[in-house]
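Below: the structure, in structure tokens.
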Amino acid sequence: MIKTNELVETITKGIQEKKGKGIVVADLSGIEGSICNYFIICTGNSPTQVDAITDSVEEYTREHTGEKPVHVVGRENAQWVAMDYTDVLVHIFLPDVREYYNLENLWEDAKLERIPDLD
């Protein structure tokens with residue numbers, strides 16, 4: 001089993017491969033009752049990019065760690081895709097959908113790490 005921190009780093013690189021923006025890693029590990037240890041949240045500018053980021057995360061993570069998501073939902077409309085890696089949940093949003101759900105503020109006690117966008 002791969003370490004959770006390595007999984008978070010690998011998923012982040014998979015997002016960056018397809019120029020996902022606004023990457024935020026929410027550390028939920030110290031919060032009682034949380035559904036996982038980490039949320040990784042990012043934005044794609046179009047349904048096509050959201051789908052490409054999803055594919056990239058899946059392929060990059062499988063190639064570099066051997067891990068596969070337990071479940072992926074939202075691919076049909078590619079406005080909000082959620083990928084479940086058990087300890088890590090990945091959320092890939094269109095900008096307006098991300099703003100509406102505002103997951104960064106859902107877990108007030110979580111430590112947030114903002115990953116700089118790659119140019």
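Under a plain spin-label model, where a point goes 7 Å from the Cα along Cα-to-Cβ, how far apart in nm are SER29 and ASN5?
0.7
Could you tell me how far the Cα centroid of the stretch 33-48 sits from the Cα centroid of the stretch 87-119, in Å?
Answer, in whole Å: 6.
Would you mind getting the accessible area per residue of the chain, heavy atoms of the protein chains only, 1.4 Å probe, in Å²?
57
Accessible area, 1.4 Å probe, largest first: how do LEU112, LEU7 sort?
LEU112, LEU7
Do any GluC sites (Glu not before Pro) in the stretch 1-63 lie in a DSSP loop with no more than 11 other beta carbon atoms within 10 Å, and if so, which?
Taking the stretch 1-63 and a limit of 11 other Cβ atoms within 10 Å, the loop GluC sites (Glu not before Pro) found are GLU32.
Got a sec? Charge dipole of the stretch 36-119, +1 on Cβ for Lys and Arg, -1 for Asp and Glu; which of THR86, HIS64, PRO47 is way out at the positive end?
Positive-end residue among those listed: THR86.
Report, largest value first, the span of the C-alpha coordinates of the chain along each principal axis, in whole Å.
36, 33, 29
For every helix of n ≥ 4 consecutive DSSP H residues, a contribution of -39,500 (n - 2.57) applies; sum these over the chain, divide by its total residues, and give [θ] at 222 nm rounded to the nearest 500 deg cm²/dmol.
When only DSSP H runs of four or more count, the value is -10500 deg cm²/dmol.
Compute the length gained on full extension between LYS68 and ASP109: take 0.36 nm times their separation in residues and subtract their Cα-Cα distance, giving the result in nm to one decimal.
So the chain would gain 11.9 nm between LYS68 and ASP109.
Just to be sure I follow the rule: in the chain, considering lysines 8 or more places apart or on different chains, how many pairs have Cα atoms under 17 Å apart?
4
The values are calculated or read from the model by the stated rules, or taken from the named source; none is laboratory data. Predicted, not measured: the structure shown is a model, and the values here were computed from it. Don't worry about glycine lacking a Cβ; one is built from the backbone with ideal geometry, like all the others, and counts go over all protein chains shown. Accessible surface is based on the protein model in full, side chains and every heavy atom, while ligands, DNA and RNA are left aside. Shrake-Rupley method; radii C 1.70, N 1.55, O 1.52, S 1.80 Å.
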